[in-house]
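So the structure is just underneath, and the comments pick up after that.
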């Protein structure tokens, strides 16, 4: 799971990271990518495969954060990152969290996500643990309609931010542009296809008789204690500063 620089740069109506910081980050990231790919043949087979898989999965994304590996700009030594805290509030917060030990040993975003289908009459509500673009949502709806027509479903409604949150889901084509949404599609350029596959599997269970259905349960998300969550929370003064920005 990786966040791109374009996510941190924000949008026209909601700008984020300053352009100069973004440009510096891209330069460092592309140098890091070139180094990792050049060094991969000299690493163990497992480590080399992880490197190749990461860059194949995320395609054109300039990877700023590797949330599953808990790395920012390729390093886990975040408090000593070359970009100073004053250059960008988000980087400043990461440095603070690293210094107080709150980044811990667990992924920074959920790696196990719930999906949900609710059928009411001829309408199906698809509970998605993310934001989804218009065309990506239309493709998901069509995938579900192909299966659930046998249950009399004639309309599918995508319900976003349901039960969890992991960022955006874009189409493959939208992802290639690497705007804000593509940078926030943290599971890579084929995430929509993966989501369509999982939802189709779930939908196929719903057209079976109830006593023949199997529960799709691939694991549980990491548990965070109140203390861990508290260390990652903003104090009042920090919140005031961010609001002013």
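Yes/no matrix, rows are residues, columns are (1) within 23 Å of residue 221 (Cβ to Cβ); (2) surrounded by fewer than 18 Cβ atoms within 10 Å (Cβ to Cβ); (3) not assigned by TED's automatic domain parsing to the domain that holds residue 172:
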{"site": "42", "(1), (2), (3)": "no, yes, yes"}
{"site": "50", "(1), (2), (3)": "yes, yes, yes"}
{"site": "56", "(1), (2), (3)": "no, yes, yes"}
{"site": "67", "(1), (2), (3)": "yes, no, yes"}
{"site": "70", "(1), (2), (3)": "yes, yes, yes"}
{"site": "82", "(1), (2), (3)": "no, yes, yes"}
{"site": "91", "(1), (2), (3)": "no, no, yes"}
{"site": "94", "(1), (2), (3)": "yes, no, yes"}
{"site": "120", "(1), (2), (3)": "no, yes, no"}
Helices (runs of 4 or more DSSP H) enclosed by the range 1-99 - at least 1 residues per element that are closer than 27 Å to residue 229 by Cβ:
5-9, 89-99
Examine the range 8-22 for a residue that is without any contact (Cβ under 8 Å) to a residue 40 or more places away in the chain, within 24 Å of residue 172 (Cα to Cα), over 18 Å from the mean Cα position of the chain (by Cα) and surrounded by 16 or more Cβ atoms within 10 Å (Cβ to Cβ), and state whether such a residue exists.
yes
If we scan the range 100-113, do we find a residue that is in a helix (DSSP H, G or I) and surrounded by 17 or more Cβ atoms within 10 Å (Cβ to Cβ)?
no
Applying the selection to the range 176-191, what residues are over 17 Å from residue 54 (Cα atoms) and assigned to a helix (DSSP H, G or I)?
177, 180, 181
Evaluate the range 196-207: report whether one residue or more is at pLDDT below 95 and surrounded by fewer than 10 Cβ atoms within 10 Å (Cβ to Cβ).
no
If you check residue 161 against the conditions, is it under 13 Å from residue 129 (Cα atoms), outside the structural domain of residue 63 (by TED's automatic domain parsing) and at pLDDT 95 or above?
yes
The range 157-175, residues that are touching a strand residue (DSSP E or B) at 6+ places or on another chain (Cβ under 8 Å), without any contact (Cβ under 8 Å) to a residue 40 or more places away in the chain, in a loop (DSSP other than H, G, I, E, B) and on the phi < 0 side of the Ramachandran plot:
160, 170
Sort out which residues of the range 37-72 are more than 24 Å from residue 98 (Cα to Cα) and touching a residue at least 24 places away in the same chain (Cβ under 8 Å), and write them in order of number.
57, 58, 59, 60, 61
Among (1) buried (at least 16 other Cβ atoms within 10 Å of the Cβ); (2) closer than 30 Å to residue 22 by Cβ, where does residue 135 come up short?
(1)
Output the number of residues of the range 196-216 satisfying the condition of being farther than 22 Å from residue 154 by Cβ and assigned to a helix (DSSP H, G or I).
4
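The values are calculated or read from the model by the stated rules, or taken from the named source; none is laboratory data. Everything quoted here is computed from the prediction, not taken from an experiment. A quick note on method: Cβ atoms are made from the backbone with ideal geometry, for glycine too, and the neighbour counts reach across all protein chains shown.
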